[in-house]
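Scroll down for the structure; my scribbles are underneath it.
Here, each number is a calculation from the coordinates, and none is a lab measurement. None of these values were measured; they are calculated from a predicted model. Ideal geometry is used to build each Cβ from the backbone, glycine not excepted, and the neighbour counts take in all protein chains shown.
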Amino acid sequence: SSNLLNRLFSLEGKTILVTGGYSGIGRTFAETFAELGANLAIVARNKEKIQAAAAEIAEKYGARVIAKAADVNNSAAVDELVQEVVAEFGQVDVLVNSAGIADSGKPMVQVSDEEFDRVMGVNLRGTFIVSRAVAREMIKRKSGRIINIASLAAKRAINNMSGYCTSKAAVVHLTRTMALELMRHNIQVNALCPGYFLTDMNREFFTSETGLKVIKNTMPMRRLGDLEELKSTAVYLATCPPFLTGVDLYIDGGHGL
């Protein structure tokens, strides 16, 4: 049985690039892959935070981890970092597009052009730019998997989050178009759409009185997801069979029902 598990789900020696890798969902994915023996490149804008995360992950799991500070919205910087990762590890087997930002929390009529563009820039354009750079490398090897982190917000409208919801819906459809174009190169592209998980980004709200009410009144399981619950999903999407592509997988405790 352990042989079967290894054959189906082994990440030993694979190289995985994770954007937004120092906290939240990206960090959970990165740690899961490191624990299973993958080489990691983790990327974020904040140099200190990403370097600290890389050092912690490397020490905890004995993995090879490199940290790269880059803005996913800057195509020249992204192209350069992908070349550096390939130079270091030889290839990129799996890409996880997890870099993302939340909205300003304003009604749509009060959102400025700049605020809307910023959210679309990181969440959608950044996903496109990193995927394009990595896909060019994957095509050379006729192999690869891309996991785009979208959100339950891709199919649920949420008050005062017009940019975020729109960007995540667009990421899901970008996933489909990428899957269609890249399948001829043996590259699978899937989207993970998490519901509400407790992360550094939302901890303050969900531990407040209002946040606790929201959990109790609107969530079928009356709780948030635990990031631990994403680990098996991470492994599955990183090792999925070639026939599984273009899927948006919701892990939301029934919130989207």
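With semi-axes defined as the square roots of five times the eigenvalues of the C-alpha gyration tensor, the equivalent ellipsoid of the stretch 117-170 measures 27, 12, 5 Å, largest first. Each residue of the stretch 93-100 was assigned a 3J(HN,Hα) from its phi angle through the Karplus expression (A = 6.51, B = -1.76, C = 1.60, θ = phi - 60°), giving 8, 9, 10, 10, 8, 10, 5, x Hz with x at Gly and Pro. Simple spin-label estimate for L5 and N46 gives 3.5 nm between the two label positions (7 Å along the Cα-to-Cβ direction from each Cα). Extension gain for the segment E35 to D71, taken as residue separation times 0.36 nm less the Cα-Cα distance, is 10.3 nm to one decimal. Derived scalar couplings between HN and Hα for the stretch 138-144 equal 5, 4, 4, 9, 6, 6, x Hz in order, rounded to whole Hz, by the Karplus curve 6.51 cos²θ - 1.76 cosθ + 1.60 (θ = phi - 60°), x for Gly and Pro.
With an 8 Å Cα cut-off and a minimum separation of 6 or more residues, compute the relative contact order for the stretch 2-251 in percent.
Relative contact order of the stretch 2-251: 19 percent.
If you take the square roots of the eigenvalues of the alpha-carbon gyration tensor of the stretch 121-216 and sort them as a ≥ b ≥ c, do you get rounded (a/c under 1.5), prolate (a/b over b/c) or oblate? Since a/c reaches 1.5 and a/b is larger than b/c, the shape of the stretch 121-216 is classed as prolate.
Grab the DSSP H runs of the chain that are 4 residues or longer, score each as -39,500 (n - 2.57), total them, divide by all residues and round the 222 nm result to the nearest 500 deg cm²/dmol.
-14000 deg cm²/dmol
Taking a point 7 Å from the Cα of Q83 along the Cα-to-Cβ direction, the residues of the stretch 15-55 with backbone N closer than 20 Å to it are 17-18, 41-44. Straight-distance candidates among the lysines for linking to K60, with alpha-carbon spacing under 29 Å and chain neighbours fewer than 8 residues away dropped: K14, K47, K49, K68, K231. Across the chain, the fraction of Cα-Cα pairs farther apart than 24 Å, rounded to a whole number, is 45%.
Angle check, please: helix 209-218 long axis (alpha carbons) against the longest principal axis of the chain (alpha carbons), in degrees 0 to 90, nearest 10. In the chain, helix 209-218 runs at an angle near 80 degrees to the longest axis.
Treating the beta-carbon of each Lys and Arg as +1 and of each Asp and Glu as -1, no other charges, what is the dipole magnitude of the stretch 1-124 about its Cα centre, to the nearest 20 debye?
Computed charge dipole of the stretch 1-124: roughly 360 debye.
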